[in-house]
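K.L.:
One structure, as structure tokens, below. Some questions next.
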Amino acid sequence: MSAFVTGGTGFIGKRLVRRLLQRENGSVYILVYKPTPELIAALEGFWGAAADRVTLIEGDISRPDLGVSAKDSRKLKGKIDHFFHLAAVYDLTAEPAQVVAANVAGVANALAFAKAIKAGCFHHVSSIAAAGLYEGVFREDMFEEARELEHPYYSSKHKGEGLVRAEAGIPWRIYRPGIVVGDSTTGEIDKIDGPYYFFKLIQKIRDAVPSWFPMIGLEGGRINVVPVDFVVAAMDHLAHLDGLDGRTFHLTDPNPLRVGDMLNALARAAHAPAFTVRVNAGLFGLAPPALTRGLMALTPLRRMRKMMMKELGLPDDIFMFVNYPTRFDSRETQKLLRPAGITVPSFEDYAWRLWDYWERHLDPSLFVDRSLRGAVAEKRVLVTGGSAGIGRSIAMRLAQAGAKTLIVARDPDKLELTRREFSVQGLEVETYSADISEPVECAAIVERILSEHGGIDILVNNAGRSIRRAVENSYDRPHDFERLIRLNYLSAVQLAMGFLPGMAERRSGHIVNISSIGVLTTLPRFSAYVASKAALEAWTDCAASEFLDHGVAFTNVNMPLVRTEMIAPTKFYEHVPTLDPEEAADLVVDALIRRPARVATRLGRFGQAVHALAPNMGRIVLNTAFRMFPESAAARGVKEGEVAPTADQIAFAQLLRGLHL
């Protein structure tokens, strides 16, 4: 026996070809659109030794006679016992014109060609989508009863199947598979649709919430899912049984799961929290359609929905699955398959294989360049305070990643030393000397960089100053607050506003502000420092909202205590755990790669939560720390050295690693 297969290079098609080749005799002809050496090699590897019985026929389902040459048509005439038509668009998000061309015109062309070469039987792979959104049980002998076929994919599958049913010139059989997922034994699949649309959501929940935490989910309708190995085995078996021409076969699960049960099976496979409480999705249908459309027409809601759907990789039509109303009667097909031992495996038994394969091979996150080089290579990046400490470490990482690195600092000698250190390692860095806390000098640096480089792509506002002095020792020192506001807040804002116009015009840019863990934890003794950083964060949050639609991102990095020259005057810090500048640079690298709104340590996040949920408790802890740790000698206005820390102080500092005590 010989077979001709359209769509034989696709996910289902190449597996059907492999199944056909397992039969003892016969050749298989595959319609291929512009075969390449790479494709041919991949197919031969998939089919193994039996590949020598496969002949590739170049053609195109969108053309009359499938675009097959007259020579190939003559070669095939009278030799094909089974003509399998699988080529189609199986994508709910595809353009309507593309769907119709493939799923309707393609069927007509395939039928005409099958008759022209006098094929024995035309096997058409339709879909349960041909039933539309029929309410109730859809039998295998039903067709005209289909309802709600407005969606282009549903209507195209229905029309395509209708063409086959109306055909009297060649025997035919129709197969309606459910939503086809990966192989039940390997999990292998090459496309994302159906239940796979929920995988990213489950993964994000797993990464954010402990597995024991009860979640609220949806109940939903029953979604009919079948693994590809079942579909292929069933088609092959049914195609070779006698006396079945003119019949339709539901290749569906006789016991489909509700959406809620399926999500829980996937959650277990992913080690994610289960959806313990489930809300009937049908309740959402009680809202008047006009009201729903009206709400979604509001620009803020429309943009939020678009962002959420994009983030989770969900198509606009996903909610058709959630409330899917149709059940499929497959009893007659099951009777034919049962003697051959072909049954639909339980979804719970192979869900873990689907998840494992997706997470290892198809998770979109796998294909995102999460390297620093991918984020900054060839980009112009300016780091303030870049000649020492955290700034120098950041600049080094940027230069190593291929960024066009610029640094600004006050001391020309330190800048030159930094430039030489970079040069020794084969790295380039451009240096600018200026005191950016002085508005005139800051403006001059902006103009110079704009003139020499045409702007920058990334600004890292790292330059800063800290003062550790209690309020009670600052009554006569308002200049401390002025100095910190000038450098930590105003200069950073002045630089940002100098480069923002160019970023907004290019619709691309990133401003990273090195803030402090103190903003999240409201540390005592650092009122001047924390206030200046809090002001910068407040400005940043306002600007981020304004420039979101201009493609400019803003990130605040709440840096914990870092061992740099800035903390050297406080000798007590020599006895407490701190980050080194390289570890601090890791936090900034994370900000540059992910571009989040905030980067903070767990302790910083915890402090923020305590202040939000139990502010009085947080103040008790901080007041205890304030009284436990002494002022520095400089803050007390004395010259004697620092007193050695007590065991309690060291233990407390270890517990709150990273806090400025």
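The values are calculated or read from the model by the stated rules, or taken from the named source; none is laboratory data. Note that this is a predicted model, so its numbers are computed, not measured. All Cβ positions, even for glycine, are placed from backbone atoms using ideal geometry, and neighbour counts span all protein chains on display.
K.L.:
Report, by residue number, each residue of the stretch 586-607 that is crowded, with 18+ Cβ neighbours inside 10 Å, at pLDDT 90 or above and not β-branched (Val, Ile, Thr).
P.N.:
Once the filter is applied, which keeps residues that are crowded, with 18+ Cβ neighbours inside 10 Å, at pLDDT 90 or above and not β-branched (Val, Ile, Thr), the stretch 586-607 yields LEU587, ALA591, LEU592, ARG598.
K.L.:
Going by what's in this entry, would ARG507 be described as charged (D, E, K, R), surrounded by fewer than 18 Cβ atoms within 10 Å (Cβ to Cβ) and at pLDDT 90 or above?
P.N.:
Considered against the rule, which asks whether it is charged (D, E, K, R), surrounded by fewer than 18 Cβ atoms within 10 Å (Cβ to Cβ) and at pLDDT 90 or above, ARG507 comes out as yes.
K.L.:
Against the conditions (1) in a helix (DSSP H, G or I); (2) over 39 Å from the mean Cα position of the chain (by Cα); (3) small (Gly, Ala, Ser), where does GLY160 fall short? Just the number, please.
P.N.:
Of (1) in a helix (DSSP H, G or I); (2) over 39 Å from the mean Cα position of the chain (by Cα); (3) small (Gly, Ala, Ser), only one is false for GLY160: (2).
K.L.:
Sticking with this one: Give the residues of the stretch 128-164 that are closer than 22 Å to ALA97 by Cβ and either aromatic (Phe, Trp, Tyr) or in contact with an Asp or Glu (Cβ under 6 Å, 6 or more places away or on another chain) (or both), sorted by residue number.
P.N.:
Scanning the stretch 128-164 gives ALA130, GLY132, TYR153, TYR154.
K.L.:
Counting only residues that are of a type in the set (Gly, Ala, Ser) and crowded, with 16+ Cβ neighbours inside 10 Å, which one in the stretch 13-32 is farthest from SER126 (Cα to Cα)?
P.N.:
Ranking the qualifying residues of the stretch 13-32, first place goes to SER27.
K.L.:
Restricting to helices (runs of 4 or more DSSP H) lying wholly in the stretch 381-497: which have 3 or more residues that are touching a strand residue (DSSP E or B) at 6+ places or on another chain (Cβ under 7 Å) and in the same structural domain as SER516 (by TED's automatic domain parsing)?
P.N.:
Result: 389-400, 412-424, 439-453.
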